[in-house]
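This report refers to the structure that appears directly beneath it.
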Amino acid sequence: MLLQILVNGISLGSIYALTAIGYSLIYSILQLINMSNAAVFLTSAVIFYALYTSLTGSSVLLTFILTLMAAGAIGYVIEVIAIRPIREKGDSNTYALISSIGVKTILEQICQGTFGSEIKQFPTLLDGKYIDLFGARTSAIQIIIILTTLFILGFMSWFTQNNRVGRGLRALSQNLNACHLMGMPVNTLIGVSFAVGSMLAAVSGVAYCMYLKSISISVGSAIGNKAFAATVLGGIGELKGAVVGGYILAIAESFVSGYYSMAASNFISFGILILVLIIRPTGIFGKKEQKKV
Amino acid sequence: MLQVNDLHTYYGNIKALRGVSFHVEKGEILSFIGANGAGKSTLMNTLSGTLKPKAGQILFEGEDITKLSPRDRVKKGIILAPEGRQIFPKFTVEENLLMGAYTVNDKELNKRNYEKVFELFPQIKDRQKQIAGTLSGGEQQMLAIGRALMSDPKILMLDEPSLGLSPILVEQIFDLINEINNQGTTILLVEQNAMAALEISDRAYALETGEITIEGTGKELLHNDLIRKSYLGG
Ligand SMILES: Nc1ncnc2c1ncn2[C@@H]1O[C@H](COP(=O)(O)OP(=O)(O)OP(=O)(O)O)[C@@H](O)[C@H]1O
Ligand SMILES: [Mg+2]
């Protein structure tokens, strides 16, 4: 039972963590909560569904790759159209936040218009296959999700430490002005951060629907909100915080729904969110905001 | 090399530069001295492209660069080591230097510049893996200058490199600026420490509330009565 709950928590936590990184990455650079992230989660799942059912049904991998590319492009375009003009005018971040809510609404409307509001069956992998992990009945898709997430986390770690672009993203989060002064392509890099965040949300969205074996229009905001709670718990602006927050939250939920009830587990995230905001607003890894001069 | 004509820069309605004109010759050390709030940093930021002037013109090697982005200016060879250093505090010394080379694609050149930086600043050579935020003030200043040098500049602009340093370190930094200049980089220096700046400068300007009031060679200004009264303490 205990182990079962843990495995469920870890696979759900993987899904939260991936989406949470997107919130945290963009916040670390622009101090902006990019609300459109949750809608990209949904849109990517819808794109995957549409591609799979109409064109590429023979290959999940191909569908996945195409979906990732689409999500990256969507993220980049969101930054260029909805965020950059506000940034460049030097307007307050509140406007950018509202703009990102606008994008979220538009994307959700498009999804609703094209996809409809009923629940549909979503393709999955190795359906009905289970593995016995020390007594925990683990579905193959859970294992796939956990392993894929570990791979992506490893890749992100390499990317931000050793890749020129990834390192550039970390530089942006430390001192945007210095990045301009060093002649770095700041706008392009910020666009890339949106693309990266969106691709992670896409992995997360597709993984979640595969896990549920179904998709509906409400799937984005449900997970988006929890991933956001995870981001705050870990300390917004800290990538490792997003990951740790995601896993803690999902494992806590998993325990509550295992020992108590599913309905109660939904309160956990927001209960924790409110507690964190009261007790330690900077989250687990966050440091006190230093005023930038 | 650099020709600036009638530059006006505003912060909202506040006039910070009111028609500044000057020129920088290849190979020289040119400095601007001025009190707090004179507009020195505003001038540097306008030249680097992070502030947009309301009016005026900046010509670099005959080409109008007034509308170019900071990135394009760095590519042309103009870079600023800003006031307060603005190093990347969570990066190592090495990573900071790599960021300075973001516009340089030539690997060989990068390697040469990287070695050159440590020849100039042996103090930070053993600290390549140290987190930059934990360096001392003097070391951070060296890193900030080294980072700027990684872009292989033709003109290196320095905004108050001696700020907050002990007298011995100030002297050391000015010696190094001289050394960088001797190796062929033109220097545009901004300082409140007028004495030290004028001593190493070929020419200098005094900036007062956004306007140039006095100009001359470094020697001339050192002996100018007004300058002595206002900036050298009598
Ligand atoms: N971001 C800003 N917003 C509004 N006014 C500003 C801003 N930055 C500078 N100023 C004003 O512009 C004028 C010139 O400032 P600037 O920073 O260029 O002076 P400075 O000569 O570099 O001074 P210091 O020696 O203290 O660094 C000052 O009156 C200052 O108050
Ligand atoms: Mg200044």
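The values are calculated or read from the model by the stated rules, or taken from the named source; none is laboratory data. What you see is a predicted model; the values in this text were computed from it and never measured. Counting neighbours? That spans all protein chains shown, and the Cβs are built from the backbone with ideal geometry, glycine included. What goes into the accessible areas is simple: the full protein's heavy atoms, side chains included, and nothing from ligands, DNA or RNA. Shrake-Rupley method; radii C 1.70, N 1.55, O 1.52, S 1.80 Å.
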Given the residues B:Leu17, B:Leu59, B:Leu47, which is the only one that is more than 16 Å from ligand 2 (Cβ to nearest atom) and either out of contact with any Lys or Arg (no Cβ under 8 Å at 6 or more places or on another chain) or within 14 Å of chain A (Cβ to nearest Cβ) (or both)? B:Leu59
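Quick grid of which residues meet (1) within 30 Å of B:Leu226 (Cα to Cα); (2) in a helix (DSSP H, G or I):
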residue	(1), (2)
B:Thr9	yes, no
B:Asn45	yes, yes
B:Thr66	no, no
B:Arg85	no, no
B:Asn96	no, yes
B:Glu108	no, yes
B:Gly84 vs. criteria surrounded by fewer than 17 Cβ atoms within 10 Å (Cβ to Cβ), closer than 21 Å to A:Leu176 by Cα and within 16 Å of ligand 1 (Cβ to nearest atom): yes
Checking the conditions here, which among B:Lys15, B:Lys52, B:Lys40 is within 16 Å of ligand 1 (Cβ to nearest atom) and open to solvent by less than 40 Å² (accessible area, probe 1.4 Å)? B:Lys40
The lone condition B:Met99 fails out of (1) away from ligand 2 (no atom under 16 Å from the Cβ); (2) modelled with pLDDT under 95 is (2)
For the subset of segment B:205-227 comprising residues that are more than 15 Å from ligand 1 (Cβ to nearest atom) and open to solvent by less than 20 Å² (accessible area, probe 1.4 Å), which member is farthest from the chain's Cα centre (by Cα)? B:Ile227
Looking at segment B:144-151, can you tell me whether even one residue there is within 16 Å of ligand 1 (Cβ to nearest atom) and more than 13 Å from every other protein chain (Cβ to nearest Cβ)? no
Would you tally the residues in segment B:154-204 being more than 16 Å from ligand 1 (Cβ to nearest atom) and either within 14 Å of chain A (Cβ to nearest Cβ) or assigned to a strand (DSSP E or B) (or both)? 6
Quick check on this structure: which one of A:Leu233, A:Leu189 is closer than 25 Å to A:Ile106 by Cα, touching a helix residue (DSSP H, G or I) at 6+ places or on another chain (Cβ under 9 Å) and of a type in the set (A, V, I, L, M)? A:Leu189
Here is a list of conditions, (1) farther than 27 Å from B:Leu163 by Cα; (2) open to solvent by 10 Å² or more (accessible area, probe 1.4 Å); (3) more than 10 Å from chain A (Cβ to nearest Cβ); (4) away from ligand 1 (no atom under 16 Å from the Cβ), and B:Lys116 meets all of them except one; can you say which number that is? (1)
For segment A:141-154, indicate whether the set of residues that are within 14 Å of chain B (Cβ to nearest Cβ), free of Cβ contacts under 8 Å to residues at least 24 places away in the same chain and not acidic (Asp, Glu) is non-empty. no
What about B:Leu97, is it more than 9 Å from chain A (Cβ to nearest Cβ) and either among the aromatic types (Phe, Trp, Tyr) or within 22 Å of A:Ile29 (Cβ to Cβ) (or both)? yes
Helices (runs of 4 or more DSSP H) completely within segment A:172-255 that count 2 or more residues being among the polar types (S, T, N, Q) and surrounded by 20 or more Cβ atoms within 10 Å (Cβ to Cβ): A:186-212
Filtering segment B:163-196 down to residues that are within 16 Å of ligand 2 (Cβ to nearest atom) and at pLDDT 95 or above yields B:Leu188, B:Leu189, B:Val190
Here is a check on your reading of the model: is B:Gly84 small (Gly, Ala, Ser), more than 16 Å from B:Leu156 (Cβ to Cβ) and within 10 Å of chain A (Cβ to nearest Cβ)? yes
The condition from (1) open to solvent by less than 10 Å² (accessible area, probe 1.4 Å); (2) without any contact (Cβ under 8 Å) to a residue 60 or more places away in the chain; (3) away from ligand 2 (no atom under 16 Å from the Cβ) that B:Leu68 misses is numbered (1)
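A quick yes/no check of all residues on (1) hydrophobic (A, V, I, L, M, F, W, C); (2) open to solvent by less than 10 Å² (accessible area, probe 1.4 Å):
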site	(1), (2)
B:Met150	yes, yes
B:Lys154	no, no
B:Ile168	yes, no
B:Glu171	no, no
B:Leu188	yes, yes
B:Glu199	no, no
Determine, yes or no, whether B:Gln130 is over 18 Å from B:Pro89 (Cα atoms) and either touching a helix residue (DSSP H, G or I) at 6+ places or on another chain (Cβ under 8 Å) or away from chain A (no Cβ under 14 Å) (or both). no
